[in-house]
1. Take the Cα gyration tensor of the range 216-302, multiply each eigenvalue by 5, square-root it, and list the three semi-axes largest first, rounded to whole angstrom.
2. With Cβ to Cβ distances under 12 Å as the rule, what net charge do the other residues near TRP477 carry (K, R +1; D, E -1)?
3. For the chain, with every protein chain kept in place, what is the accessible area per residue (1.4 Å probe, Å²)?
4. Give LYS204/LYS273; LYS212/LYS466; LYS204/LYS621; LYS212/LYS564; LYS492/LYS621; LYS204/LYS544 a once-over and call out the pairs whose C-alpha atoms are over 25 Å from each other.
5. Thinking of the range 333-398 as a set of Cα atoms, what percent of all their pairs are more than 13 Å apart?
6. Once R0 is set to 60 Å, what does the formula 1/(1 + (r/R0)^6) return for the Cβ-Cβ distance between GLU138 and SER653, expressed as a FRET efficiency to the nearest 0.05?
7. Carbon and sulfur together cover what percent of the accessible area of the chain at a 1.4 Å probe radius?
8. Give me the angle, in degrees from 0 to 90, between the Cα long axis of helix 564-575 and the longest principal axis of the Cα atoms of the chain, rounded to the nearest 10.
Amino acid sequence: MSIGISDEQAELADSLRKWAASLSPLAAVRAAEGDVSASFADVWAAADEMGIAAIAVPESAGGGGGSLLDQAVALEACAHELVPGGLLGATIGSLLTGRPGRYGVQVHPGGVVWDGGALAADPDRLLLLDDGGTVTPEPGLDLGSRHARLAGGAAGAAGSAGAADERRRLLAVTLAAAEASGVTRWCLETAVDYAKVREQFGQKIGAFQAIKHLCAQMLETAESVTAAAWDAAGAATLHDSDDSADSDADAQWAFAVDVAQATCFDGAVEVAKACIQVLGGIGFTYEHDAHLYLRRALSLRALVGSADAAAERLTAAAVTGTRRRVDVDLEGRDEAIRPGVRTTSEQIAGLPAAEQRAALVDAGYLTPHWPAPYGLGADPATQLVIDQELGRAGVVRPDLVIAGWAVPTILAHGTDAQRERFVRPSLLGELTWCQLFSEPGSGSDLASLRTRAVRVDGGWSLTGQKVWTSVAERADWGICLARTDADAPQHKGITYFLVDMRSPGIEVRPLREITGEALFNEVFLDDVLVPDDCVVAEPGDGWKLARTTLANERVAMASARLTKSVERAVELAATRDLGPVARTDVGHQVALATVCGLLGVRTTLRALGGHGPGAESSVAKLLGVRSRQESSELVVTLQGDDLALLGPLGKESDDPLAADVWEQLNTRCLSIAGGTTQILRNVAGERILGLPR
């Protein structure tokens with residue numbers, strides 16, 4: 001999806017993309033090839049009439065009166081169609097001067113970057129030329145913009161000094177990130193559309209796993225670019241709406257901009273290159289438009305400055321305690337319910353710790369998204385208010401672990417007797433669950449499971465082997481998939497059972513992991529009797545039930561906080577004399593972890609807007625795994641040869657390095673558990689991007 005999340009911003013983006021496409025911008029770019037003084041007059045006349053560059057300028061000054069986030073949405077839409085000329089520079093100039101301006105000029109270390117028209121048309125819009133400097137138009141990498149070089153003179157922003165220079169930098173990166181998002185979106189869409197129709201070896205190339213994974217990785221990057229660009233614009237909007245313009249608002253905007261600079265421009269270049277790769281030979285031709293988008297991405301990256309420099313600034317900011325905070329605005333939907341929720345939360349907090357869980361269950365606050373009487377059937381806004389007020393009162397919800405998967409299935413498909421027997425005891429923590437799904441030969445390919453269930457008097461006899469089963473050694477019950485019809489297609493002959501883990505015929509054996517601990521188990525079932533009243537739904541419905549979630553899914557109060565290993569890396573940066581390369585590496589992990597959090601915030605906002613989960617919710621797991629694995633490895637790497645004196649491994653080891661190594665080893669499971677990264681990319685390619693199976 002695009003930068004805009006609200007319905008109004010989505011409509012703005014859609015209308016501007018259509019408007020921009022109607023200008024035939026790519027034809028204008030090609031027609032002006034070789035003309036270094038091209039002004040793209042027709043396109044600019046239309047842009048002037050629409051007031052694109054002044055959407056965020058106050059109405060009293062002749063602008064559109066919108067927010068900077070609205071402006072970013074507009075630039076993203078125009079970049080999606082590669083509108084030529086100086087739109088980016090003109091927008092920066094308009095926002096710096098507070099009045100609409102047609103032309104924009106940006107300063108960079110090589111001289112002057114000039115977008116659109118004659119430089120002297122209105123130089124005080126952004127740049128003042130002193131000492132009689134000579135301006136020489138020159139061709140640029142981006143064929144949709146025009147550039148010039150200043151020689152023999154000096155350049156400075158109108159009235160600039162110190163804070164004004166910083167504001168210009170922040171605005172430039174914020175708005176350039178929006179353009180990068182537009183470029184990235186076009187490249188992703190173009191590659192996917194081509195992969196759906198291009199045939200090789202008798203089938204669509206999108207069915208090939210190599211292409212599918214490449215497109216899925218493009219999606220991951222595109223969502224990251226969009227989230228970072230959205231946050232930079234959102235932080236700028238909040239900064240400019242804060243009359244006090246306090247130092248905290250300055251720090252938040254600067255942090256968001258550095259995350260965008262570290263993420264968006266390299267990301268746009270990588271997606272543009274991947275687009276050409278998917279297109280193959282046609283993508284390498286001059287006649288295809290893909291290279292025009294790659295040129296724009298490369299040009300934007302060159303103009304904003306180094307991603308590594310931004311990463312170093314992020315490390316410095318994180319060391320001083322700065323973290324990105326993104327507040328979710330409930331827009332008044334909490335006013336009627338908050339007082340009651342606060343009162344209930346405070347009452348629960350006032351109880352002895354041993355009584356709080358039961359009180360949470362009775363109030364429906366443990367699982368507010370579940371239907372009554374086990375929850376409240378709460379809408380997203382109510383769920384978030386409950387989260388906020390419980391947090392404010394200091395009440396921590398207990399983790400349901402596997403019960404959080406088992407109980408929703410019983411709620412949705414079980415009998416009244418099963419709900420009465422299992423739901424409330426599970427919520428109260430009286431029953432512990434494990435999941436008996438994976439088998440030695442059926443991991444990601446769960447439909448190929450071989451555990452069999454044979455009909456016997458009063459129920460079913462289960463025989464088989466399960467593996468990678470957490471907490472099986474102490475579980476009271478297990479949710480188990482077994483094959484009840486060997487002649488049915490793989491997905492059709494599976495049944496969903498509730499298995500008493502104390503039943504005769506069950507043997508649990510611990511499995512040591514690479515950390516040396518045994519958190520997993522293999523479970524052997526030898527003629528285990530499961531009575532008929534422990535079958536959920538009908539025989540043969542197991543595959544469908546295994547995929548069950550409640551229609552009213554949990555909405556979490558997401559934040560852009562850093563993960564444990566990233567915080568540890570920041571701690572090392574604060575306490576050790578790391579070199580610039582290492583500090584840059586830490587900053588990139590700060591940026592990645594922040595982006596992962598932003599994806600969660602955007603998912604929350606979509607839910608509040610009445611929309612289902614978007615691509616960012618699927619991408620968040622893939623990027624979250626990458627973040628945790630890379631950051632935990634970085635933490636160990638930063639400590640060099642201290643590994644030679646490593647103490648006993650353990651999550652809570654007294655030796656900090658031993659705990660760090662345990663974390664690095666333990667995170668290797670994240671790209672395997674719950675569906676491997678490769679399988680999840682297949683799923684993303686097929687279900688989100690619509691590529692053929």
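1. On the way: eigenvalues 228, 27, 16 Å².
They are 34, 12, 9 Å, listed from largest to smallest.
2. On the way: positive: ARG421, ARG474, ARG502; negative: GLU430, ASP476, ASP500.
For residues surrounding TRP477, the net value is 0.
3. Details: 29650 Å² over 693 residues.
Ligands and nucleic acids excluded, the result is 43 Å² per residue.
4. Values: LYS204/LYS273 21 Å; LYS212/LYS466 31 Å; LYS204/LYS621 28 Å; LYS212/LYS564 32 Å; LYS492/LYS621 29 Å; LYS204/LYS544 28 Å.
From LYS204/LYS273; LYS212/LYS466; LYS204/LYS621; LYS212/LYS564; LYS492/LYS621; LYS204/LYS544, over 25 Å: LYS212/LYS466; LYS204/LYS621; LYS212/LYS564; LYS492/LYS621; LYS204/LYS544.
5. Values: 1241 of 2145 pairs.
Value for the range 333-398: 58 percent of Cα pairs lie more than 13 Å apart.
6. Numbers: r = 60 Å, r/R0 = 1.00.
With a Förster radius of 60 Å, E is 0.50.
7. Working: 15480 of 29650 Å².
C and S fraction of accessible area: 52 percent.
8. Orientation of helix 564-575: about 50 degrees from the principal axis.
The values are calculated or read from the model by the stated rules, or taken from the named source; none is laboratory data. Remember, predicted model here, so these are calculated numbers, not experimental data. So basically every Cβ, Gly included, is an ideal-geometry build from the backbone, and we count neighbours across all protein chains shown. Ligands, DNA and RNA are stripped out before the accessible areas are found, and what is left, the full protein with its side chains, is counted by its heavy atoms. Shrake-Rupley method; radii C 1.70, N 1.55, O 1.52, S 1.80 Å.
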